[in-house]
Structure formats: structure tokens, C-alpha cells
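Worksheet: the structure to be examined is printed underneath.
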Amino acid sequence: MVSAVAGVAVKEVATTPYEGQKTGTSGLRKKTREFTKPNYLANWVQSLFNALGDEVKGQTLGLGGDGRYYGKEAAQTIIKLAAGNGFAKVVVGRDALMATPAMSAVIRRNKLYGGLIMSASHNPGGPDNDFGIKFNYKAGEPAPEKITDKIFAETEKISVLHTADIPDIDLSKVMMEGWPGRGGVRVGVTKFGDFEVEVVDPVADYLATLKEVFDFPALKAFVSRPDFSMTFDSMHAVTGPYAKAIFEGELGAKAGTVVNGERRHLDPAVRDPHHPWPAASRSRPEPPAASQLPLPDFGGGHPDPNLTYAHDLVETMWADGAPALGAASDGDGDRNMVLGAKHFVSPSDSVAMIAANYQAIPYFKDGLKVLAGGGDKGTQVLQAWIVGW
């Protein structure tokens, strides 16, 4: 065994290449059963680290995904490979969750080296469906072609994996300093020698970024108007935690505004009023009774926000007495559909409306510099500009 990080033993595991691991800016997407083959995921991740070279040494890597089947297991493999290849730290979203725009925010706000996102975007999840992985670089942007070409070249000749000899990490506890009843230990932080894994609230940095971009007091006042109502369909995917925290939490939309955002109960100690959240915590408290989690198979649906696959939302918005605003997002939260009562808002129209009202957005106080649109990804231009991909 060798050691890439002080105090961490590294195993060198022999492997052989898999054909067809061609990587684009959206990463590698295959059937889940391909990814679960021996060393299939590990080969690609090791090839990425080989392509990046010595510059990863001592760096911090972000990690998370859209909550689809196999994500938690994949996260454990990636953490071990990161330690084995010299990363000093991995910052991972609780339960291995992180929406794609949120990863960009985490990278930029914390000056991370980059981040790995486990997602196949709007494709369905589950053992018989799809899995994927992609790398976002130092500015939070998708990996440029010069890196993806190197990754593919490495996948064709890979022969050894450098994986740390460490146990699996508990990804369910968010990092907190001095949690009452825990003896002042750093809950959610695991150390092996000089290598550290920090579990973070996947919503916190994204929400902080949005508050810098948009006028939240004005939005909250608007949402509270008696003549306004809305609904948001998370499509059983990763935006459940974000939508609950932002729409129903920060903006005060009524309970039930967010639909298809799944729930699971927290540990009773978290809900116990005699165990308050510490004032010095870096993380926002979770909802008092439940935390949102996606379904690993997205409820058997296709998390693609369009008039076909978001049919429940369409039926709601075309019914008499429909809400004023309806929206849905895809599996990893970087595509959306916006509806008015009996009205479909095209992505390009969304861009046009933002452009026409940009002065109401604090982030654009110095004016707009570039706009583009077209196709079902038109709004991503604004998302990229705002969130900082």
C-alpha cells in the first residue's frame, strides 16, 4: 500500500478498460446496470483524476447528485478514490444530494477545486433505467472539452485504481460545531489522517447565492398576496429539498405548494425542542418534522419538465381555478417548465421576461451583458449567468 494523503493507506487495485466511456460536457450517461458492473464507475473517476494530474493534490472536491438509484453507493466509491488520489477534502451534500446549479454555488462560494455530480439529468432513474456522472470545474462550469477528451483517452488505457483503505462514511449527518448532547464534537465531519469528509446541507449555499441575486423581501411580499397562488412540481427528484426551503420556507408559500417532494422522518433528537440547533451552526435548521428526499426511481416517472411528462402539473394548471403560477424542474434541477393558468411559457419567453424586468433583480444592477435563448434550454443561459456555472 502507498499513501497519497498523510495517514491514509491507499490500495492499488488492478482493472481493465471498458469500451464506450466517451465523456461530453454533460458527463457520462449509461444504463444503471452498466455503472454497477465491477469498477465501471471507478474506472471513469480514476480516469478523470489521471486526466487532471498532480493539480488535484491537496485540493477540495465537491460531491452530490440528484438522488437517483445507486447514488449513495457511488458516493462512497468516489470518496475513497478522491482520498487515494491526493485530495485533502471532500465536501458532500447530505445523503449524497446536490442539484447541479447548487454544486456550482458550492464550488464558487467555497473556492473548491471542482465537483462531481451524480446525475443522468432528466432521464428516468432506477436499476433498469439510467445513471450518470459529470465534472464541474473551478468556476462551477461543466468540464471543458480539453478535459473530457483527456478523460476518454485515460479510460481506454486505465490499468490501476488508487483507492483509500477507509470505511464508508455516514452521509446523513450535516456538519455542525458543538451540537448539544454530542460532547462538542464536529458532527458530520469524518477524518482519516489528513483527509477529511464534510457533509453539508445541500440547500444552504444555493439559497445564500439566490439571496444575493434576487430581492427576497419583495418576492416574499408578492407570494403573500391574497390574489396570488402557485404550485411547484419537484417530480420526485432533487429539487424537493430546495423548493420546500425556498418557496414554503423563505418565501412563505402555503404548505402543500411543493408537490412530489418526498419526505422521511428525522431522528427524534433533532425534533426535540430541548435540543435546539446551535447558534454557531453553519447549516440552516431542517424543517422541524421532516426532511425532503427524492425517490430513487423518481416515483417511476420521467423527470423531464415538459407538457408530456409533467402531465399532473399541466392538468392542474389547465383546470378551472388554477393557481396563477405553476412550475416544474428536471431530475438534477437545471431545467424547468413555467406555466400560467391555461398558458405555457416557452423558455425563450422566460428569458425575454427576465430581460424586460432585469432592473428588479439586484444581481443585474449594473445592467445585462449577454442574453440568448432558443430551444427547451433557453433559460439555462440566465441560470448559468446568475448561478455562475
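Details
- Within the option set G140, G184, being more than 21 Å from R68 (Cα to Cα), part of a loop (DSSP other than H, G, I, E, B) and modelled with pLDDT under 90 holds for one residue only, G184.
- Test result for D66, open to solvent by 60 Å² or more (accessible area, probe 1.4 Å) and among the acidic types (D, E): no
- Tabulated pairs, segment 139-152, first at positive phi, second buried (at least 16 other Cβ atoms within 10 Å of the Cβ) and at pLDDT below 90, C-beta under 8 angstrom, 6+ apart or interchain: G140/V387; G140/G388; G140/W389
- Qualifying residue in segment 274-296 (condition: surrounded by fewer than 18 Cβ atoms within 10 Å (Cβ to Cβ), outside the structural domain of G125 (by the TED database) and at pLDDT 95 or above): no
- Residue tally, condition farther than 15 Å from E73 by Cβ, assigned to a helix (DSSP H, G or I) and among the hydroxyl-bearing types (S, T, Y), over segment 1-49: 1
- Pick from segment 6-28, criterion open to solvent by 80 Å² or more (accessible area, probe 1.4 Å) and within 18 Å of T148 (Cβ to Cβ), ranking: farthest from the chain's Cα centre (by Cα): E19
- Among the residues of segment 95-126, those identified as touching a residue at least 60 places away in the same chain (Cβ under 8 Å), open to solvent by 10 Å² or more (accessible area, probe 1.4 Å) and under 23 Å from D170 (Cα atoms) are D95, N110.
- Selection from segment 302-331 of residues that are closer than 24 Å to F131 by Cα, open to solvent by less than 30 Å² (accessible area, probe 1.4 Å) and assigned to a loop (DSSP other than H, G, I, E, B): P303, D304, P305, A310, D330, G331
Condition check ((1) at pLDDT below 95; (2) more than 29 Å from G299 (Cβ to Cβ); (3) among the small types (G, A, S); (4) touching a Pro at 6+ places or on another chain (Cβ under 6 Å)) across all residues:
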residue	(1), (2), (3), (4)
I117	no, no, no, no
A120	yes, no, yes, no
N123	yes, no, no, no
A153	no, yes, yes, no
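The values are calculated or read from the model by the stated rules, or taken from the named source; none is laboratory data. This one's a predicted model, so the numbers in the text were calculated from it and none came from an experiment. Backbone-built Cβ (ideal geometry, glycine too); neighbour counts: all protein chains shown. Surface accessibility is based on the protein's heavy atoms, side chains included, excluding ligands, DNA and RNA. Shrake-Rupley method; radii C 1.70, N 1.55, O 1.52, S 1.80 Å.
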